[in-house]
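Here is the structure we will look at, set down as structure tokens.
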Amino acid sequence: MADLYSVTGLHVSLADMTRKPLLGAAPRIGILHGLTFAIGRGEVVGIVGGSGSGKSTLGRALVRLLEPTAGRILFDGQDIAHLPEPALRPLRRRFQMIFQDPLSSLNPRQTVGTILRAPLALHGLPLARAAEALDAVGLPRAHLARYPHELSGGQRQRVGIARAIALRPDFILADEIVSGLDVSSQAQVLALLETLVRDFSLTLAFISHDLSVVRRLCTRIIVLHQGRIVEDAPAARLFDAPKAEYTRMLLSAIPLPDPDQPWD
Amino acid sequence: MADAAEGRGAVRRRAGLRLWLSGGWLAALAAAALLAPWIAPHDPLAQDLFAGRLPPAWQAGADPAYLLGTDSLGRDVLSRVLHGARVALFVALVAGTLTALIGAALGLLAGFYRGWVDVAISRLVDIWMAFPPVLFAILLIAVLGTGLASIIVAIVVIDWTRFARVVRAEAMAQGAMDYVASARVAGMGRLRTLATEILPNCLPTIGVLLTLEMGIAVIVEAILSFVNLSISTDAPTWGGMIAEGRLSIHQAWWVLVFPLVALFLTVLAFGQLGEGLKDRFDPVLR
């Protein structure tokens with residue numbers, strides 16, 4: 001079994017509550033229209049697309065924060081698409097997620113130590129891994145006693161990464177994790193992810209709207225547009241010879257530094 | 001970067017005048033209520049018809065033995081205010097706490113689980129709030145009979161909706177935060193997420209509401225005493241004193257004013273205490 005994830009015919013539609021009639025079910029809006037792809041072990045896959053393309057919905061379906069309407073999601077050979085929550089719980093250690101906004105994803109009333117130890121305790125893992133995870137993301141162990149609001153944006157996102165890797169998962173989903181950071185913090189977090197992918201032999205799916213961020217990290221890129229895969233290619237080939245029109249549009253939208261540009 | 005975080009972590013806000021004044025008044029009142037049988041200069045029920053409507057000690061014609069004067073039956077106003085504090089604070093603590101427990105529990109369930117749980121609880125709240133509260137209380141006491149327990153039951157039965165509504169909204173807002181999704185990704189069960197992730201984030205709101213509710217309980221107890229539906233009519237309660245004082249307002253203003261001031265300061269202090277405690281002890285600087 002080479003592929004960690006094998007997704008076939010993934011459909012997700014959500015109820016449109018704004019147009020719900022007084023009686024009866026709300027009409028459904030299709031978000032993802034039959035996606036089929038696989039993620040091999042050790043791959044770093046970029047999932048890109050514009051806003052509303054369904055990339056975050058796809059990510060949330062992969063870690064089963066939402067249940068797909070139809071289709072199969074094989075994780076290590078087991079179909080998790082419609083597994084009920086109790087059956088899913090023991091598997092959850094193996095696929096983790098890093099969230100976009102660390103201020104929202106870290107409970108403001110818990111210290112970093114509590115935040116890191118709770119998932120470990122749930123899965124019966126040694127609590128000492130909390131401190132080790134902080135070492136791995138380059139934060140001092142003293143930060144275990146800090147509250148999230150006492151950290152900078154980059155430090156918070158490192159805590160989010162530490163929480164995900166502390167469980168030693170097979171797969172991590174990173175959902176727009178650098179879009180809230182300034183450029184230098186972005187570079188640091190990306191460099192950290194590269195190291196962690198190597199050290200922990202992680203499989204990573206990296207969601208972003210920004211192709212230039214994905215280019216550095218990813219071995220393969222899936223381009224989503226309006227809930228469909230428009231291109232799925234190795235990173236180098238995608239940047240050199242994009243096939244889909246939409247991919248070309250995304251590529252041309254990357255701002256390139258122009259050293260000759262005057263300041264006025 | 002570590003230094004910047006050090007500096008932010010080192011910020012500790014001062015307790016503030018608000019907290020000192022409100023806490024000080026309530027502490028003094030609690031001490032007075034506990035020690036009332038020993039520190040009250042007179043028996044609050046002892047009548048002396050020859051010493052009726054004596055003015056406070058600093059006014060002409062006063063008897064220095066009656067510091068805040070006497071009412072029309074010659075009972076000592078100070079002693080009655082002190083004993084009245086016992087009833088007021090007891091009702092505030094017990095009714096406030098019970099209201100908070102019941103209302104917050106229902107609000108948390110409705111806001112976190114959504115779906116039919118929310119529909120059931122929210123519609124119940126809507127219907128409940130359509131009853132006029134004071135009439136509802138009077139009706140309840142008429143059915144249950146007068147007495148301290150009835151007052152407490154009436155306050156809890158009427159006011160749980162206040163907690164349920166506010167805590168439901170807060171639980172909904174917190175439930176939409178990514179740390180809840182994160183707990184789910186970590187494999188945490190629903191009930192446990194509610195208890196360890198959502199509840200601590202709703203506690204500041206519940207605390208502020210609780211202190212407000214204690215102030216409201218003091219007022220409701222006074223209203224019910226005012227209309228003679230509290231404990232027995234002689235018993236010293238602030239509401240009862242205000243009702244009696246109202247009858248002799250032109251001859252003896254002090255019978256009305258002193259319990260009113262005590263009531264006013266106590267309700268104000270409860271409200272300010274909640275805000276002050278939140279400012280001081282909430283680890284999240286807002």
Considering each residue of region A:244-256, count those that are at pLDDT below 85 and closer than 13 Å to A:His209 by Cβ, and give that number. 2
Please pick out the residue among B:Val218, B:Val208, B:Val267 that is under 23 Å from B:Phe90 (Cβ atoms) and in contact with a Phe, Trp or Tyr (Cβ under 8 Å, 6 or more places away or on another chain). B:Val218
Residue under question is B:Thr211, and the condition is that it be touching a Ser or Thr at 6+ places or on another chain (Cβ under 6 Å) and either within 14 Å of chain A (Cβ to nearest Cβ) or crowded, with 21+ Cβ neighbours inside 10 Å (or both); does it hold? no
Here are the criteria: (1) under 13 Å from B:Val87 (Cα atoms); (2) open to solvent by less than 20 Å² (accessible area, probe 1.4 Å). Tell me which single one B:Cys202 does not satisfy. (1)
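Determine whether A:Pro84 is away from every other protein chain (no Cβ under 11 Å) and under 22 Å from B:Leu194 (Cβ atoms).
It is true that A:Pro84 is away from every other protein chain (no Cβ under 11 Å) and under 22 Å from B:Leu194 (Cβ atoms).
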Just for region A:1-59: of the residues that are loosely packed, with under 15 Cβ neighbours inside 10 Å and of a type in the set (S, T, N, Q), which one is nearest to A:Asp79 (Cα to Cα)? A:Thr36
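Table: residues versus (1) more than 10 Å from chain B (Cβ to nearest Cβ); (2) within 17 Å of B:Tyr179 (Cβ to Cβ).
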| residue | (1), (2) |
| --- | --- |
| A:His123 | no, no |
| A:Pro126 | yes, no |
| A:His149 | no, yes |
| A:Arg163 | no, yes |
| A:Arg168 | yes, no |
| A:Ile172 | yes, no |
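Here's the yes/no breakdown for (1) assigned to a helix (DSSP H, G or I); (2) open to solvent by 10 Å² or more (accessible area, probe 1.4 Å); (3) at pLDDT below 85; (4) farther than 19 Å from B:Met241 by Cα:
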position: B:Val91; (1), (2), (3), (4): yes, no, no, no
position: B:Gly107; (1), (2), (3), (4): yes, no, no, yes
position: B:Phe112; (1), (2), (3), (4): yes, yes, no, yes
position: B:Ser122; (1), (2), (3), (4): yes, yes, no, yes
Within region A:87-109, take every residue that is open to solvent by 10 Å² or more (accessible area, probe 1.4 Å), more than 7 Å from every other protein chain (Cβ to nearest Cβ) and touching a helix residue (DSSP H, G or I) at 6+ places or on another chain (Cβ under 8 Å) and give me the one that is modelled with the highest pLDDT. A:Gln100
Residue satisfying all of: in region B:45-89; assigned to a loop (DSSP other than H, G, I, E, B) and aromatic (Phe, Trp, Tyr); farthest from B:Ser225 (Cα to Cα) among these: B:Trp58
Answer yes or no: is there a residue in region B:131-138 that is surrounded by 23 or more Cβ atoms within 10 Å (Cβ to Cβ) and of a type outside the set (Lys, Arg). yes
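Conditions tested, residue by residue: (1) farther than 13 Å from B:Ala110 by Cα; (2) within 14 Å of chain A (Cβ to nearest Cβ).
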position: B:Arg165; (1), (2): no, no
position: B:Glu170; (1), (2): no, yes
position: B:Ser182; (1), (2): yes, yes
position: B:Val185; (1), (2): yes, yes
position: B:Gly189; (1), (2): yes, yes
position: B:Leu203; (1), (2): yes, yes
If you scan region A:110-129, which residues turn out to be surrounded by fewer than 20 Cβ atoms within 10 Å (Cβ to Cβ) and more than 22 Å from A:Val189 (Cα to Cα)? A:Thr114, A:Ala121, A:Leu122, A:His123, A:Gly124, A:Leu125, A:Pro126, A:Leu127, A:Ala128
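Table: residues versus (1) modelled with pLDDT of 90 or more; (2) open to solvent by 10 Å² or more (accessible area, probe 1.4 Å); (3) of a type in the set (Val, Ile, Thr).
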site	(1), (2), (3)
A:Phe171	yes, no, no
A:Gly180	no, yes, no
A:Ser208	yes, no, no
A:Ser212	no, yes, no
A:Leu224	yes, no, no
A:Gly227	yes, no, no
A:Arg237	yes, yes, no
A:Asp258	no, yes, no
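The values are calculated or read from the model by the stated rules, or taken from the named source; none is laboratory data. Quick caveat: nothing in here was measured; it's all calculated off a predicted structure. Ideal geometry is used to build each Cβ from the backbone, glycine not excepted, and the neighbour counts take in all protein chains shown. These accessible areas exclude ligands, DNA and RNA; they are computed on the full protein's heavy atoms, side chains included. Shrake-Rupley method; radii C 1.70, N 1.55, O 1.52, S 1.80 Å.
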